[in-house]
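Below is one structure. I have some questions about it.
The values are calculated or read from the model by the stated rules, or taken from the named source; none is laboratory data. Quick caveat: nothing in here was measured; it's all calculated off a predicted structure. A quick note on method: Cβ atoms are made from the backbone with ideal geometry, for glycine too, and the neighbour counts reach across all protein chains shown.
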Amino acid sequence: MRLSQDLPAALHMLRGVIGTEAFWTGIREYYRRYRDQNATTDELRRVMEAASGKDLRPLFTQWLTRSGVPRLIGTWQYDASAKQVRVELAQAQSGEPYTIALEIAMRFRGSSATRLERIALTERLTRVTFTADSEPSTVVLDPNTWVLMAPPDFGRKQ
């Protein structure tokens, strides 16, 4: 990670993981404690853990000490007989797979609503299925851009 360029994206991703309210509670507390001082990444992590009630060590280690970003390649397809959407995603970057909480958005013809599913990517290859009465018109990875990653190569399986 190029810290000076990617830090805002990492903070945005942190907000996605712990939630907006906990994020701003943590930011205000961090500012209150360390205003006009130097502070470490561990001090930021501990403040955010206190605000969110979550162990953030794996997140901070992965995103602040490792170089590069995830690169996802994948496809989706609809199985009408099983009434399932099947998604296959591979992490194609070098090094170990990242642990990623990823949202997948599906839109269906005749509906203005977006169905949002959240999955965990922890392996090099991940396959998931979702029940669906009809075929999605679109399937989008990370529709709210929470994850710092290379633009995914993702589309409908032909």
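Out of all the residues in the stretch 24-72, which are surrounded by fewer than 17 Cβ atoms within 10 Å (Cβ to Cβ), more than 30 Å from Arg124 (Cα to Cα) and of a type in the set (A, V, I, L, M, F, W, C)?
Trp24, Ala39, Ala50
Conditions tested, residue by residue: (1) within 19 Å of Asn144 (Cβ to Cβ); (2) touching a Ser or Thr at 6+ places or on another chain (Cβ under 7 Å); (3) of a type outside the set (Asp, Glu).
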site	(1), (2), (3)
Arg15	yes, no, yes
Gln77	no, no, yes
Gln84	no, yes, yes
Gln93	no, no, yes
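Any residue at all in the stretch 62-75 that's among the hydrophobic types (A, V, I, L, M, F, W, C), farther than 22 Å from Thr41 by Cα and out of contact with any Cys (no Cβ under 6 Å at 6 or more places or on another chain)?
Yes, that holds for at least one residue.
For Gln93, which of the numbered conditions (1) part of a loop (DSSP other than H, G, I, E, B); (2) farther than 21 Å from Leu59 by Cβ fails to hold?
So the condition that Gln93 fails would be (2).
Among the candidates Ala105, Ala120, single out the residue that is under 17 Å from the mean Cα position of the chain (by Cα) and touching a residue at least 24 places away in the same chain (Cβ under 8 Å).
Checking each option against the conditions leaves just Ala105.
Select from the stretch 61-113 the residues that are in contact with a Gly (Cβ under 9 Å, 6 or more places away or on another chain), closer than 18 Å to Gly155 by Cα and of a type outside the set (A, V, I, L, M, F, W, C) and list them in ascending order.
Gly74, Thr75, Glu88, Glu103
Which residue pairs have Cβ atoms under 6 Å apart, sit 6 or more places apart or on different chains, and have a first residue in the stretch 136-158 that is in the same structural domain as Ala113 (by TED's automatic domain parsing) and a second that is part of a loop (DSSP other than H, G, I, E, B)?
Correct list of pairs: Ser137/Arg109; Leu141/Pro152; Leu148/Val69; Met149/Val69; Met149/Pro70; Ala150/Val69; Ala150/Arg71.
Restrict the check to the stretch 26-37 and report whether at least one residue is small (Gly, Ala, Ser) and assigned to a helix (DSSP H, G or I).
Yes: the stretch 26-37 contains one or more residues that are small (Gly, Ala, Ser) and assigned to a helix (DSSP H, G or I).
Take Glu123 and decide whether it is surrounded by 11 or more Cβ atoms within 10 Å (Cβ to Cβ), in a strand (DSSP E or B) and among the acidic types (Asp, Glu).
Considered against the rule, which asks whether it is surrounded by 11 or more Cβ atoms within 10 Å (Cβ to Cβ), in a strand (DSSP E or B) and among the acidic types (Asp, Glu), Glu123 comes out as no.
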